[in-house]
1. By how many nm would the segment from residue 24 to residue 54 lengthen if fully extended, with 0.36 nm per residue of separation less the alpha-carbon distance?
2. In region 19-61, carbon and sulfur make up what percent of the accessible area (probe 1.4 Å)?
3. Which of rounded, prolate or oblate describes region 82-123 when judged by the alpha-carbon gyration tensor and an a/c cut-off of 1.5?
Amino acid sequence: MRDTMANVKDEMPFEERRRKLLAEGALLRIGIMDARVTVRSNLNAESLAKSAVKRMFGSVSSTFSGLFASKGGSGMQMPSLQSLQSYSPYLLSAISLLSKRSLRKPLLYGGIISAGAAMAYYLTRKRSDAIAADAEADPAAAEADFL
């Protein structure tokens, strides 16, 4: 390999090699400046908060959908120890996110709103299941309930 490098150096004049190296250096400096601008724009407080909230909601939704997915049976299954161990990094990042003082109140409000929405969904679904069960048992009584 050294022989080929030596041959390339011998074939290319010094000034041409110098210009080529200077052009490559300029391209690298432009790439570094572009990367700095990207990092600075992504390190402001607003973009960090948005990405943290997106990541938190994504991990929470995937955690609960994976933990409580029923596989052929009815109802919720208990999560296995292996799945809980695999989700421990998410739990640690959620705990560290909660420890930040500036995010406590918005996260608390978000949790309260989410819990209220989940409760409303649960009660609506429970009521519609009860009405459907009554309709199967006595169709005439179910029509009277709607009126």
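The values are calculated or read from the model by the stated rules, or taken from the named source; none is laboratory data. These numbers come from a predicted model, not from an experiment. The protein model used for the area step is the full one, side chains on, heavy atoms only, and it has no ligands, DNA or RNA in it. Shrake-Rupley method; radii C 1.70, N 1.55, O 1.52, S 1.80 Å.
1. Values: separation 30, 0.36 × 30 = 10.80 nm, distance 3.84 nm.
Here the segment from residue 24 to residue 54 would lengthen by 7.0 nm.
2. Here it works out to 68 percent.
3. In terms of gyration-tensor shape, oblate.
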